[in-house]
Amino acid sequence: MKKKTFVVLLAICLAGTGAYFAFFNQANAKIPQQSGVTVQRMSLEDVVTSLGKLEPATYVDVGAQTSGQLMTLHVELGDTVQKGDLLAEIDPRSHKAKVEADRATIANLEATLAERRANLVQAERNYKRDKTLRKQNAASELDFQNSETSYLVAQAQVAAVEAQLQQARANLESNELNLSYTMIYAPMSGTVVSLEVKEGQTLNNNQQTPTLMRIAELEVMTVWASVSEADINKLTPGMPVYFTTIGDTETRYYSTLQKIHPSYTEENDVILYDVVFDVENPNGVFLPAMNIQVFFVRAQAENVLALPIEAVPSNNRSAGHLTLNVLLPGGKEETRNVTLGVRTRTAVEIKNGLNEGDIVKSAATGPRNAMPRNMGPRL
């Protein structure tokens, strides 16, 4: 009885083992032994990205060219001004006093000069008279020498006063110029984008010129982008470029790369070079110091056949031509000569050799889901 029971149990185990292998083989047959990627249509862009900042293309920092208390400000931050508009006034009283003092000094020197010139005329007459008399022995040598000396002294006195008068006039011109500097006018048309002073503030230009405000033209903005040394050689002036703002990452603004500056900064041991281009700002969308994401377009292709980059062997991704295996129905493969085009970090353009919908054997993977060895059922 026990022997029959053992035989029945053994038969059941063997049947179960056979069913297990039959089920596994059937399921495993449904799993493709080769993985592949499908040729699809898409648009590609090979770009170099960087961060940038928007600044006015044209601006001027308005400074105070003379010292004094800022008496009146005629503009506020954000005001639009025209060239020649009065922006601010510095207390002119001390400058007016200097101008009046210079004019009084000049008037005094002019009177003194008139007196010296009259003395010169008289001294010249005496000198010429004594010179003639001396030739006739009608005057002594001493009288002639005294008149000659007086004549020379009179000439020197006139020259001295003329020099003093010239200096006084120069001082007057300088102080009149300083007086005119108390009225500060707009050197260009634009918008007041920064205001550094307040009414009542004392300005001192003895050490450096105080900056009152910045006036900028906002119709055209300049993008200053920082590009790493690893990417800078990929850029060339004239290449297309676009950017998005932090507040609107969907809208693209297009322009053309203008200059690559040799100036650079170093951040965390990375060298960053300055790259600039201008963009129109007719609607005032862009404001100074806005942060943006910049995309320098090296190449682009619209609605082309493409494959994920992993379908191309890593050692051939820079080549223009290569051979790929296409998976056919029934597990067969076909070798195709393929020409590549635009490459990005995630995809590559297929110029010819493949058709839309073709399944290309992935370069990175082979058979999958094969049953590991020594993993059969244990009795």
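Compute log10 of I(q)/I(0) for region 78-173 with the Debye formula, placing one identical point scatterer on every Cα and leaving out solvent, at q = 0.13, 0.14, 0.23 Å⁻¹, to two decimals.
Relative scattering, expressed as log10 I(q)/I(0), comes to -0.64, -0.69, -1.04.
What 222 nm value per residue comes from the helices of the chain, counting each DSSP H run with n ≥ 4 as -39,500 (n - 2.57) and dividing by all residues, nearest 500 deg cm²/dmol?
Mean residue ellipticity, 222 nm, calculated: -11000 deg cm²/dmol.
Largest first, how would 42, 71 line up by accessible area (1.4 Å probe)?
Sorted by accessible area, descending: 71, 42.
Just the number, please: carbon plus sulfur as a percent of the accessible area of the chain, 1.4 Å probe, no ligands or DNA/RNA counted.
Result for the chain: 51 percent of the exposed heavy-atom area is carbon or sulfur.
Using a 1.4 Å probe and counting only protein heavy atoms, arrange 260, 246, 292 so the residue with the most accessible area comes first.
So, going from the largest accessible area down, we get 246, 260, 292.
Taking the convex hull of the Cα atoms, report for region 140-219 its projected area averaged over all directions, in nm².
9.3 nm²
Sort 263-275, 295-307 for me by packing, meaning the mean count of neighbouring Cβ atoms within 10 Å per residue, highest on top.
The densest-packed peptide leads the list: 295-307, 263-275.
Of the options 244, 312, 220, report the single residue whose Cα projects farthest towards the positive end of the charge dipole of the chain (beta-carbon charges: Lys, Arg +1; Asp, Glu -1).
312
Which of 83/198; 83/259; 53/234; 234/259 have a Cα-Cα distance over 25 Å?
In this structure, 83/259 lie more than 25 Å apart at Cα.
Taking the Cβ-Cβ separation of residue 77 and residue 268 as r and a Förster radius of 22 Å, what is the calculated FRET efficiency to the nearest 0.05?
0.05
If you place +1 on the Cβ of every Lys and Arg and -1 on the Cβ of every Asp and Glu, how big does the dipole about the Cα centre of the chain come out, in debye to the nearest 20?
Using only the charged Cβ atoms, the result is roughly 2580 debye.
Under a straight-distance cross-link criterion of Cα-Cα below 17 Å, which aspartates and glutamates are reachable from residue 96, leaving out those fewer than 8 residues away in the same chain?
Cross-link targets: 173, 176.
So what is the orientation-averaged projected area of the chain, using the convex hull of its C-alpha atoms, in nm²?
42.9 nm²
Roughly how many nanometres apart are two label points built 7 Å out from the Cα toward the Cβ at residue 201 and residue 173?
3.3 nm
For residue 35 and residue 280, what is the calculated FRET efficiency with R₀ set at 45 Å and r taken between the beta-carbons, to the nearest 0.05?
0.35
List the trypsin sites (Lys or Arg not before Pro) within region 309-360 that DSSP assigns to loop and that have no more than 11 neighbouring Cβ atoms inside 10 Å.
332, 345
Run the quick spin-label model on residue 162 and residue 42: label points 7 Å from Cα toward the beta carbon, then report their separation in nm to one decimal.
If labels sit at residue 162 and residue 42, their model points lie 8.9 nm apart.
How would 74, 321, 95, 261 rank on accessible area, largest to smallest, probe 1.4 Å?
So the residues, ranked largest to smallest area, are 321, 74, 261, 95.
Could you give the nm distance between label points at residue 86 and residue 234, where each point is 7 Å from its Cα heading toward the beta carbon?
Going from the residue 86 label point to the residue 234 one covers 5.7 nm.
Calculate, for residue 332 and residue 303, the FRET efficiency according to 1/(1 + (r/R0)^6) with r their C-beta to C-beta distance and R0 35 Å; round to the nearest 0.05.
Step by step, r from the Cβ atoms, then E = 0.70.
Any aspartates and glutamates with Cα under 15 Å of the residue 131 Cα? List them, leaving off those in the same chain fewer than 8 positions away.
Answer for residue 131, where 15 Å is the Cα cut-off: 141, 143, 148, listed by chain and number.
Just to be sure I follow: if Rg is taken over the C-alpha atoms of region 135-272 and Rh is the Kirkwood radius over the same atoms, what is Rg/Rh?
1.42
If you count only protein heavy atoms with a 1.4 Å probe, what accessible area per residue comes out for the chain, rounded to a whole Å²?
On a per-residue basis, 63 Å².
The values are calculated or read from the model by the stated rules, or taken from the named source; none is laboratory data. On a predicted model such as this, the values are computed, not experimentally measured, just so you know. As a convention, Cβ positions derive from the backbone with ideal geometry for all residues, glycine included, and neighbour counts pool all protein chains shown. The protein model used for the area step is the full one, side chains on, heavy atoms only, and it has no ligands, DNA or RNA in it. Shrake-Rupley method; radii C 1.70, N 1.55, O 1.52, S 1.80 Å.
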